[in-house]
Amino acid sequence: MQRTEPTLAEKSDTQEATTGEFLLASVARLLCENVRLREEIGVWRARTITGRKDAHFYKRMHGKAVERLLEKDGQIEAIKSKVCELERRLFGRKS
């Protein structure tokens with residue numbers, strides 16, 4: 001049986017890897033990490049876009065709700081003034 005050179009993972013602490021093997025292993029590790037980080041960035045980018053869309057949606061909904069409240073407040077004031085006028089006519093002095 002022919003014995004092959006042990007891989008970098010199989011080498012013990014006492015065996016030193018050659019510079020070329022070390023560089024190849026480092027490059028391979030960095031490439032794997034790069035792929036993983038790119039995937040992670042894609043996930044975070046999608047979450048950010050979704051979060052921004054949600055924020056704009058709820059901000060717009062809040063603005064519409066505030067407009068409705070202001071409109072209702074105006075209607076309430078108009079009705080109160082009309083009630084006041086009618087009470088004045090009904091219970092006020094007769095000339």
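The values are calculated or read from the model by the stated rules, or taken from the named source; none is laboratory data. The structure displayed is predicted, hence computed values, not measured ones. A quick note on method: Cβ atoms are made from the backbone with ideal geometry, for glycine too, and the neighbour counts reach across all protein chains shown.
Based on what the data block shows, is ALA25 at pLDDT below 95, in contact with a Lys or Arg (Cβ under 8 Å, 6 or more places away or on another chain) and surrounded by 10 or more Cβ atoms within 10 Å (Cβ to Cβ)? For ALA25, the condition - at pLDDT below 95, in contact with a Lys or Arg (Cβ under 8 Å, 6 or more places away or on another chain) and surrounded by 10 or more Cβ atoms within 10 Å (Cβ to Cβ) - is not met. Does ARG60 satisfy the condition of being surrounded by 10 or more Cβ atoms within 10 Å (Cβ to Cβ), modelled with pLDDT under 95 and part of a helix (DSSP H, G or I)? No: the conditions fail for ARG60. Answer yes or no as to whether LEU37 is at pLDDT 95 or above, surrounded by 10 or more Cβ atoms within 10 Å (Cβ to Cβ) and of a type in the set (A, V, I, L, M). In short, yes. Here SER12 meets each of (1) hydroxyl-bearing (Ser, Thr, Tyr); (2) exposed (fewer than 10 other Cβ atoms within 10 Å of the Cβ); (3) modelled with pLDDT of 95 or more with one exception, condition (3).
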